[in-house]
Amino acid sequence: MSILHKIFSPPSEPENGISAAWIADLSSMDDICAIEVLTEKLAHDFQQHVFCNAQNIEALTSIDGKTHSIVERITQYYAVIENIDHDLKIRISNAVFLYHLQLFRIYVGLSRNLSHTNQRTLHIVLSRALKNATQMIKWQPYNLHHEPANFWSEISGIFKAAEQLALLTAKIQSYCGQEPTSLSSAYIQACMLGSVQTIEFRPQQIEIVSRLLSAWASKISIDTAYDAKHHLFYVDTAANVPARRIKDFSAADSHRYWCFEDVNSKIELCRLLIEYKISPKQRQIKELISEKYAAETLAALAAEWSHTALQTV
């Protein structure tokens with residue numbers, strides 16, 4: 001019996017109807033075990049092409065929504081606790097990465113096959129594909145697995161699908177408890193997080209970068225025409241790469257550009273607040289600069305992202 005039937009079938013009709021028995025089993029497990037079991041079940045159903053009709057797609061998004069809080073708890077624990085047992089650390093990072101990888105594969109597959117007439121469902125599918133991709137980028141440095149082949153090409157494929165359907169700027173809530181965001185913003189966040197993958201950040205630092213991008217990149221627009229005065233970063237949607245700084249390149253139809261000045265200005269402001277020990281009134285910035293690794297993280301980002309950094313490359 002598929003995971004969909006196990007979670008959503010009634011006791012009187014175990015093969016077709018609605019029962020919460022399987023999800024109840026998950027709640028009795030520890031968080032890591034629950035995610036490992038769920039990943040295995042999702043992988044099996046994906047291989048059996050279970051997610052190919054509207055009812056099962058709705059069930060999938062519901063399952064994902066219900067279990068998302070488990071993964072959030074694990075992520076927060078991993079980002080806060082520094083002295084984790086090595087074996088437990090490896091198990092956590094592998095479990096969460098594979099969970100997000102499986103959901104990413106499912107949502108990417110669905111995005112290619114869903115009817116474009118069902119834009120609400122497609123919007124959710126594209127949004128969750130990008131969310132899970134971003135989580136994979138965050139977790140990849142700490143597990144034993146590599147990103148799948150053509151990972152960035154698939155992320156750009158999601159962006160191009162949203163672009164063609166005029167879904168880039170409309171905000172949507174990917175998961176309960178999260179702020180609504182646009183697919184354009186989610187794509188920029190993934191690409192910019194990918195641009196710092198070569199920096200050896202601690203988990204706590206990656207969480208800072210992720211929070212920073214989520215808060216400050218939300219109003220950035222993606223442009224199709226290059227403006228040398230404004231654009232600092234671009235992504236080649238036809239290539240299997242994240243965002244790159246603009247330097248010695250030729251514009252192409254497959255390139256998309258954005259101005260990052262506002263984010264860089266906020267990074268510089270935070271560095272000054274830390275240096276001069278000034279407590280800001282804005283709660284979001286106050287919480288960010290109070291993080292243990294804020295100063296060195298912001299310094300690394302300034303070195304990687306700013307106009308000054310571009311001039312010294």
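The values are calculated or read from the model by the stated rules, or taken from the named source; none is laboratory data. Here the structure is a predicted model, which means the values were calculated and not measured. Heads up, the Cβs are rebuilt from the backbone with ideal geometry, glycines too, and the neighbour counts pull from every protein chain shown. When the accessible area is computed, the model is the full protein with side chains, heavy atoms only, and any ligands, DNA or RNA have been set aside. Shrake-Rupley method; radii C 1.70, N 1.55, O 1.52, S 1.80 Å.
Please give the per residue accessible area of the chain, computed with a probe of 1.4 Å over protein heavy atoms only, in Å².
That works out to 50 Å² per residue.
Sorted from largest down, give the three principal axis spans of the alpha carbons of region 224-313, whole angstrom values.
45, 26, 25
log₁₀ I(q)/I(0) of region 26-165 at q = 0.12, 0.19, 0.21 Å⁻¹, via Debye over equal Cα point scatterers, no solvent, to two decimals?
Normalising to I(0) and taking log10 leaves -0.49, -1.15, -1.35.
In nm, to one decimal, how far is the LYS229 label point from the HIS44 one, both placed 7 Å along Cα→Cβ?
It is 6.1 nm.
My understanding is that a pair violates if its Cα-Cα distance is over 31 Å; which of LYS66/LYS89; LYS229/LYS266; LYS160/LYS286; LYS160/LYS247; LYS138/LYS160 do that in this structure?
Result: LYS160/LYS286 exceed 31 Å.
Of the labelled options (1) 16; (2) 7; (3) 10, which one gives percent of Cα pairs over 38 Å apart as computed for this structure?
Among (1) 16; (2) 7; (3) 10, the one derived from this structure is (1).
So what does the Cα-only Debye profile of region 44-125 read at q = 0.11, 0.13, 0.19 Å⁻¹, as log10 I(q)/I(0), no solvent term?
-0.39, -0.51, -0.87
Please compute, for the alpha-carbon atoms of region 190-257, the extent along each of the three principal axes and give them in descending order in Å.
Computed over region 190-257, the largest-to-smallest principal extents equal 37, 24, 19 Å.
For region 140-208 and region 224-281, compute the distance between their C-alpha centroids and round to whole Å.
15
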